[in-house]
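Here is the structure we will look at, set down as structure tokens.
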């Protein structure tokens, strides 16, 4: 009869100089698992939005910031401004803010302010945040459409 594999009893036996030690292999596996876990903990959140106006879709991305006032809005077709803020504190995403403005004189008018508060799920797939939003503004009710989702950037 041919014996295949080994038992736990055999692993606990003292090793002689010709036997293979399992401990260095187990240590290597533990090290590699720890390295993988630390990489996922270093993953940084990323907000991505598809913003559409007048048949053009803008693909926007925002990374976390500790200074939300430094974030500049993006011009959308000369009619709207769109601003996305991921505010982070102590390495943790606290909340997401999304602003949409109608560009008009003497100053832009806020059409929508959306606030999303954590905790946010840590998932491998992009997490839909806003759903499909339709905003209307101006004398002829121009339409801005957007949808945003959270994902992660790994270093």
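Each reported figure results from applying straightforward, stated rules to the coordinates on display, with no laboratory input. Predicted model, so just to flag it, every value in this text is computed and none were measured. Ideal geometry is used to build each Cβ from the backbone, glycine not excepted, and the neighbour counts take in all protein chains shown.
Things worth noting here:
- Of interest is the spacing of the C-alpha centroids, which for the range 72-93 and the range 122-155 amounts to 12 Å.
- Here the range 44-153 yields Rg over Rh of 0.98, to two decimals, using C-alpha coordinates and the Kirkwood radius.
- Working ranking of peptides 137-143, 103-109 by packing, defined as the average number of other Cβ atoms within 10 Å per residue, highest first, is 137-143, 103-109.
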